[in-house]
Amino acid sequence: MANSPSDLEVIVPNLHRRYSGVTATNRMVAPRLAKLFHAGWFGSDAPEGIARLGFSVVLKLWRRKSPVIWHARRNNEMIAGVLLRALGWPLKLVFTSAGQRHHSWITRWLIRQMDAIIATSGISASFLKVQSTVVPHGVDTDTYAPPKDRAAAFAESGLPGRYAIGCFGRVRAQKGTDVFVDAMCRLLPLYPDFTAVIVGQVTAEQIPFANDLKSRIEAAGLQSRIVITGELPIEQVQRWYQRLTIYAFTSRNEGFGLTLIEAMAAGSALVAARAGAAELVVEDGVSGVLIAPGDAEVLAAALEPLMRDVAKATVMGKCARERVLAKFSLNAEAARIGEIYRQLL
C-alpha cells in the first residue's frame with residue numbers, strides 16, 4: 001500500500017456516488033493490486049487492504065517526475081485523468097471497458113487519450129476500435145466458495161423444499177428477472193423440492209416492473225416458493241450463493257456479468273444466457289449450459305434436466321468451481337493488470 005505521495009505508483013479512482021457493479025468489481029481487485037504496487041484508492045466506498053487517498057495526497061503529486069498509473073473505469077474518471085495530466089500531474093492513463101455496445105463520441109475520444117486499454121472480454125474489445133488487452137474479471141475464490149454442507153446452508157434459510165435455484169442482480173428487464181420468474185412458474189409446480197430466490201435491489205423506477213412480477217407469482221400460487229429478497233448486505237448475498245444448487249444468469253445484455261463467476265465459484269450448476277462474458281466463462285455442457293437470452297421457454301428447457309437430476313447439477317457445479325479457480329480468480333486478474341502497469345511504469 002502507498003504510505004506517502006513519493007511512494008505512490010497506482011491511483012484507483014472511484015468517482016461515482018452510487019454503489020454499482022463497476023464499484024464492486026473495482027473493490028475486489030484493488031486490494032490485490034495493492035499487494036503488487038504502492039496503490040491508493042481515491043473516492044468513495046474504499047475497500048479494506050488499500051490505502052485511501054485524500055485530495056491533499058493527490059495535490060502533492062503535481063509535477064512529480066516519476067509516473068503514476070491512473071486506472072479509470074468510467075467516463076468521468078477518464079475525464080479527470082486527462083485534465084489532471086494536462087495540468088501537470090505525471091499520470092499514465094489506463095481504462096477498463098466492460099461495455100458491449102458502440103460508444104459515444106466523447107467516450108471514443110477519451111479512449112484515444114489513454115496509454116493502455118483493458119477490455120473484460122473479446123466482445124467488449126471488439127467495440128473499442130483501438131488496441132486493447134483482454135483481462136477478464138476475477139472473483140475472490142476464498143469468499144465465494146462452496147459451503148461445507150449445502151443442504152444445511154439451505155435449511156437455515158427457512159424456505160420450503162430442499163434445494164434453491166437463484167437469479168441475482170437488480171430486479172429489471174435488462175437482467176431478465178421476468179424471464180426467470182416465467183420459467184419458475186412453469187417448473188416449480190413440477191419440482192416441489194425447489195424454491196426460487198431472486199436477490200437484488202428494486203429501485204424506485206422498477207417498482208411497476210417488480211409489482212408485475214409479483215402479480216405473475218401470485219397468479220401461479222407460488223408466493224412461498226419464488227422469493228424476492230430485495231437488496232441485502234454483501235455478506236448475506238455471499239451466503240445465498242452457498243445455498244444455491246442451480247444459478248440462472250438471465251441478462252438480456254451485460255457488460256461482464258460478475259454473478260456468473262460468483263455463482264460458479266460457490267459451486268452452483270449454471271444456465272447462462274449468451275450475454276456479457278458468458279461465452280468466455282462457460283464451457284457449454286461442462287461448467288454450465290449456454291442459451292439464447294430473453295426466452296423463458298428456452299430457459300425452462302435448460303433448467304429442467306438439472307432440477308430433475310440434482311446429482312448431475314452437483315457435478316456441473318464442481319466443474320464450474322474448477323473453471324473459476326483455473327481462469328477467473330482475483331489473483332489472475334491482478335497479475336494480468338500488473339503486467340500492463342509495469343510496461344507503463
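Some values worked out for this structure:
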{"read-out": "Rough spin-label spacing in nm, given labels placed 7 Å along Cα→Cβ, for residue 156 and residue 142", "value": "2.0"}
{"read-out": "Spin-label model distance (nm) - residue 342 vs residue 17, 7 Å beyond Cα toward Cβ", "value": "4.1"}
{"read-out": "In order through the stretch 30-38: 3J(HN,Hα) via Karplus (6.51 cos²θ - 1.76 cosθ + 1.60), integer Hz, x for Gly, Pro", "value": "4, x, 5, 5, 5, 7, 9, 9, 6"}
{"read-out": "Given 92/129; 60/92; 92/327; 214/318, the pairs whose alpha carbons are separated by over 24 Å", "value": "92/327; 214/318"}
{"read-out": "Proximal aspartates and glutamates relative to residue 35, as straight alpha-carbon distance under 20 Å, when same-chain residues fewer than 8 apart are discounted", "value": "7, 9, 45, 48, 140, 142, 333, 339"}
{"read-out": "Label point distance in nm, residue 62-residue 219, each placed 7 Å from Cα along Cα→Cβ", "value": "6.3"}
{"read-out": "Residues with amide H under 5 Å from that of residue 203, placed H, sequence gap 5 or more", "value": "171"}
{"read-out": "Of the GluC sites (Glu not before Pro) in the stretch 196-289, those whose Cβ has at most 15 other Cβ within 10 Å and which sit in DSSP loop", "value": "231, 283"}
{"read-out": "Whole-Å distance, taken between Cα centres, linking the stretch 28-46 and the stretch 313-345", "value": "18"}
{"read-out": "Potential lengthening between residue 127 and residue 76 on full extension [0.36 nm per residue; Cα-Cα distance subtracted]", "value": "16.4 nm"}
{"read-out": "FRET efficiency for residue 252 and residue 38, using Cβ-Cβ distance with R0 set to 56 Å, rounded to 0.05", "value": "0.85"}
{"read-out": "Sum of side-chain charges, residue 110 neighbourhood, beta-carbon under 13 Å (Lys, Arg +1; Asp, Glu -1)", "value": "+4"}
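Each reported figure results from applying straightforward, stated rules to the coordinates on display, with no laboratory input. Model, not experiment: these values are computed from the prediction. FYI the Cβ positions are ideal-geometry reconstructions off the backbone, even for glycines, and counts take in every protein chain you see.
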